[in-house]
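Presented below is the structure to which this report refers.
The values are calculated or read from the model by the stated rules, or taken from the named source; none is laboratory data. If you're wondering where the values come from, they're calculated on a predicted model, not measured in any experiment. Cβ atoms come from the backbone with ideal geometry, glycine included; neighbour counts cover every protein chain shown. Accessible surface is based on the protein model in full, side chains and every heavy atom, while ligands, DNA and RNA are left aside. Shrake-Rupley method; radii C 1.70, N 1.55, O 1.52, S 1.80 Å.
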Amino acid sequence: MVEIDATPIGLNARSTPSTYTGAFDAVRAHFAAASGRSAGHFSFNTKDGQCPTCKGLGSIDLDVQYLPDINVQCPTCQGARFNDDTLSVRVDDRTIAEVLDLTVREALELYAEVPAIARPLRPIVDVGLGYLRLGEPTPSLSGGESQRLRIAARLRSSQRDVLYVLDEPSTGLHPVDIRTLVGVFDRLLDDGATIVVIDHDLDVLACADHVIDMGPTGGPDGGRIVARGTPAEVAADPHSVTGPYLARSGSTGPAALA
Ligand SMILES: [Zn+2]
């Protein structure tokens with residue numbers, strides 16, 4: 001069972017979409033092969049690669065007396081995270097820091113012919129996160145983005161016998177992004193997964209095979225099953241609080257999203 005929640009991914013700025021999905025390992029291997037250096041030279045987590053001032057974080061805490069610590073851009077590397085020696089290497093006319101500054105979509109275009117890099121990047125675009133930068137700290141992602149990045153990291157493995165439980169994945173998403181999310185669900189289902197979603201979004205409900213409406217309200221007056229069935233059945237059920245909204249929105253089947 002895979003629980004996909006909205007808690008932040010990674011606790012420090014060293015976790016990025018590219019490290020989380022394994023894409024950065026492939027980028028470092030690509031740089032190592034092209035330059036004749038070790039992959040460690042292209043990591044901001046090793047002495048060989050990181051900026052000596054900020055230790056690869058790109059920023060430092062300024063200790064100002066009587067004031068809370070202030071986090072500022074590292075004066076040595078200007079936020080690039082790497083040391084001068086590593087930044088002197090250019091592969092495909094880019095430094096490793098410039099690659100981390102690319103969006104996932106841009107990187108996928110650049111490395112379309114390098115399968116080891118393109119393979120982990122494509123699912124990130126598929127879940128609608130192509131705008132993230134490879135080096136963006138994952139703790140700064142929104143809850144919805146964290147959920148989708150977790151799904152992206154799972155998309156490459158076999159989905160047979162996998163049960164996903166998602167807690168309000170639509171929270172904070174634009175309607176267009178909800179469509180993308182539902183597309184990702186379809187892909188997981190096609191690959192054999194089972195998906196349980198807790199949500200209030202009518203477009204998400206409309207795409208379910210089976211809806212269990214809990215209520216009748218929240219808190220101590222909730223927790224009972226008031227209606228269940230296909231979206232169309234729940235929409236027509238007089239006991240369902242959600243039903244009338246589902247019926248009114250016309251969202252009673254996947255076609256409503258098309
Ligand atoms: Zn630095």
Over the alpha-carbon set of the chain, work out the extent along each principal axis and list the three values in angstrom, largest first.
-> 70, 53, 28
Toy charge model, Lys and Arg Cβ at +1, Asp and Glu Cβ at -1: region 40-88 dipole around Cα centroid in debye, rounded to 20, equals 100
Per GNM of the chain with C-alpha springs under 10 angstrom, the most fluctuating residue out of 199, 190, 69 is 69
Take region 40-88, drop everything but the C-alpha atoms, weight them equally and run the Debye formula without solvent; then report log10 I(q)/I(0) at 0.19, 0.21 Å⁻¹ to two decimals.
-> -0.54, -0.62
Set the Förster distance to 30 Å, then compute FRET efficiency between residue 12 and residue 228 from the Cβ-Cβ distance, nearest 0.05.
-> 0.10
Can you grab the distance from the C-alpha centre of region 42-86 to the C-alpha centre of region 128-207, Å, no decimals?
-> 33
Using a 10 Å cut-off on Cβ atoms, rank the peptides 49-60, 142-153 from the highest mean neighbour count down.
-> 142-153, 49-60
Residues of region 181-213 with amide N under 18 Å of the 7 Å Cα→Cβ point at residue 236 = 206-213
Enter the accessible area of residue 48 (Å², nearest 10), with the probe set to 1.4 Å and all protein chains included.
-> 80
Where only protein heavy atoms count, and the probe is 1.4 Å, what is the accessible area per residue for region 160-202 in Å²?
-> 57
Inter-probe distance in nm under a simple model that places probes 7 Å from Cα toward Cβ, at residue 53 and residue 162 = 4.3
If you average 1/r over all unlike Cα pairs in region 92-204 and invert the result, what Kirkwood radius do you get in angstrom?
-> 15.0
Unpaired by the 4.7 Å Cβ criterion, cysteines found in the chain = 207
Solvent-accessible area, 1.4 Å probe, carbon plus sulfur percent, for region 40-88 = 53
Solvent-accessible area per residue for region 40-88 at a 1.4 Å probe radius, Å²?
-> 60
Of 12, 71, 83, which has the largest mean-square fluctuation in a 10 Å C-alpha GNM of the chain?
-> 71
Give, rounded to the nearest 20 debye, the magnitude of the charge dipole that region 67-201 has about its Cα centre when Lys and Arg contribute +1 at Cβ and Asp and Glu contribute -1 at Cβ.
-> 260
Where does the chain land at 222 nm, in deg cm²/dmol rounded to the nearest 500, when only DSSP H runs of n ≥ 4 count, each adding -39500 (n - 2.57), divided by all residues?
-> -9500 deg cm²/dmol
